[in-house]
Amino acid sequence: TEAEGIRLVDLDEDGVDRAFRADVIAGLSEEQKAIPARWFYDERGSQLFEDITQVEEYYPTRAETEILREQGQDFAKLIGPSRAVVEFGSGSSVKTPLLLSAIEPGAYVPLDISGEFLRAAAADLAQKFPELPVHPVEADFTKPVQLPNQVADMPKLGFFPGSTIGNMVPRTAVDLLRNMREILGDGASLLIGMDLIKGRKMLEAAYDDAEGVTAAFNLNLLTRINRELGANIPEDAFRHEARWNDMFARIEMHLVAERDVNFTISGRDFSIRDGESIHTENSHKFGKRSANTLLLAGHWTPLERWTDSQERFSILLAEA
Ligand code: AVI
């Protein structure tokens, strides 16, 4: 039901998401202003992200899909049949079926914080694989999660595509990987997508496409703050910027003020100077070694690695 879908969101008496307001107010009070990237994904933000995956310059989705399409035999050989596939984040309509048809799984367990996305993804999968038991779990997978009893005795395969791990700073990524290890248990494997380090030009273009879809995605955060937090940020005073940070091997997205601005959010005053930015996202990129090191720090042992034909993206298989 709708009620189940919103149970994990803590709203105040005015219907404001408390965690959203707290993150925005704390983040805009810091020296380098910053808002966590998870707040991009309201309804319009989720749609814009879908649109990003279709633009010419944004290669990760196509590159990862190519690997899933091409390496099915390898997956089947190394992973084996009858696994309970636990997907962290609700399934994508393209990637998940490619994996499931390659490995003959015993069950599919999509795990997502949003009940609405979860039910849609589970229904879609059930239709494509009518024989496959599907057990959706509505949960925050950064916290401890109990998997359904029906899959208790099956060996697990965690699936975390998209290089979403790259949106976390390393210490948060390590915490998440360790938590996944706890959720999946002994004998589990993990199949995880990680985008690769490459030339600055190609990376910056992927996060600043000519059509302006990524710019709209970034700027939509201001629209969301204005709507949901009773704010009056002048959206036209900001421009989208994607920068490669070489020290941390990551693309950063910023909203850069093009003039001095003053505004209020939930009754509090803020000001941003001309040229100052709000840091809205990190998207870390990996080499072979940094990918392996991250997995090891997260209590996973790397076993195999695949890349697409143009060496843009990697999928790694690791074991507990
Ligand atoms: C969801 N995540 C892996 C995307 C990325 O590439 O870091 C989000 C994104 N931000 C801008 N474009 C895409």
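The values are calculated or read from the model by the stated rules, or taken from the named source; none is laboratory data. Please read these numbers as outputs of a predicted model, since none were measured by experiment. Glycine gets a Cβ as well: all are built from the backbone with ideal geometry, and neighbour counts include every protein chain shown.
Inspection of the stretch 78-98 identifies at least one residue that is over 20 Å from the mean Cα position of the chain (by Cα) and under 22 Å from ALA139 (Cα atoms).
Residue count for the stretch 246-276 satisfying the condition of being touching a residue at least 24 places away in the same chain (Cβ under 8 Å) and either closer than 21 Å to ARG227 by Cα or within 16 Å of the ligand (Cβ to nearest atom) (or both): 17.
Restricting attention to the stretch 284-307, the residues that are touching a Lys or Arg at 6+ places or on another chain (Cβ under 6 Å), more than 16 Å from the ligand (Cβ to nearest atom) and in a strand (DSSP E or B) add up to 0. Considering every residue within the stretch 205-228, establish whether at least one is in contact with a strand residue (DSSP E or B) (Cβ under 6 Å, 6 or more places away or on another chain), within 14 Å of the ligand (Cβ to nearest atom) and of a type in the set (Val, Ile, Thr). The answer is no, given that none of the residues of the stretch 205-228 is in contact with a strand residue (DSSP E or B) (Cβ under 6 Å, 6 or more places away or on another chain), within 14 Å of the ligand (Cβ to nearest atom) and of a type in the set (Val, Ile, Thr). Identify, please: which residue in the stretch 55-68 is among the hydrophobic types (A, V, I, L, M, F, W, C) and under 16 Å from ILE251 (Cβ atoms) and is, among those, farthest from the ligand (Cβ to nearest atom)? This residue is ALA63. Condition check for PRO105 on (1) in a loop (DSSP other than H, G, I, E, B); (2) buried (at least 20 other Cβ atoms within 10 Å of the Cβ); (3) of a type outside the set (Asp, Glu); (4) at pLDDT below 95: one failure, at (4).
Highlighted here are the helices (runs of 4 or more DSSP H) found entirely within the stretch 159-241 that include at least 3 residues which are under 14 Å from LEU295 (Cα atoms): 170-184. Among the residues here, GLY287 does not qualify as free of Cβ contacts under 8 Å to residues at least 40 places away in the same chain and either surrounded by fewer than 15 Cβ atoms within 10 Å (Cβ to Cβ) or basic (Lys, Arg) (or both). Do we find that ILE52 is touching a helix residue (DSSP H, G or I) at 6+ places or on another chain (Cβ under 9 Å), within 16 Å of the ligand (Cβ to nearest atom), within 30 Å of LYS198 (Cβ to Cβ) and at pLDDT 95 or above in this structure? Answer is yes for this residue. Condition first: under 30 Å from GLU13 (Cα atoms) and in contact with a helix residue (DSSP H, G or I) (Cβ under 9 Å, 6 or more places away or on another chain). Can you find one or more residues in the stretch 235-246 that meet it? Yes, because at least one residue in the stretch 235-246 is under 30 Å from GLU13 (Cα atoms) and in contact with a helix residue (DSSP H, G or I) (Cβ under 9 Å, 6 or more places away or on another chain). Counting only residues that are in a loop (DSSP other than H, G, I, E, B) and under 30 Å from the mean Cα position of the chain (by Cα), the stretch 258-283 holds 4 of them.
Scanning the stretch 144-201 for residues that are farther than 19 Å from ARG62 by Cβ, in contact (Cβ under 8 Å) with a residue 12 or more places away in the chain and among the acidic types (Asp, Glu) yields a total of 3.
Scan the stretch 115-171 for residues that are more than 16 Å from the ligand (Cβ to nearest atom) and hydrophobic (A, V, I, L, M, F, W, C) and the total you get is 17. Checked against (1) more than 22 Å from ASP23 (Cβ to Cβ); (2) buried (at least 19 other Cβ atoms within 10 Å of the Cβ); (3) among the hydrophobic types (A, V, I, L, M, F, W, C), ILE225 passes all but a single condition, namely (1). The single residue among SER101, SER90 that is within 25 Å of ALA188 (Cβ to Cβ), of a type outside the set (D, E, K, R) and in contact with a Gly (Cβ under 9 Å, 6 or more places away or on another chain) turns out to be SER101.
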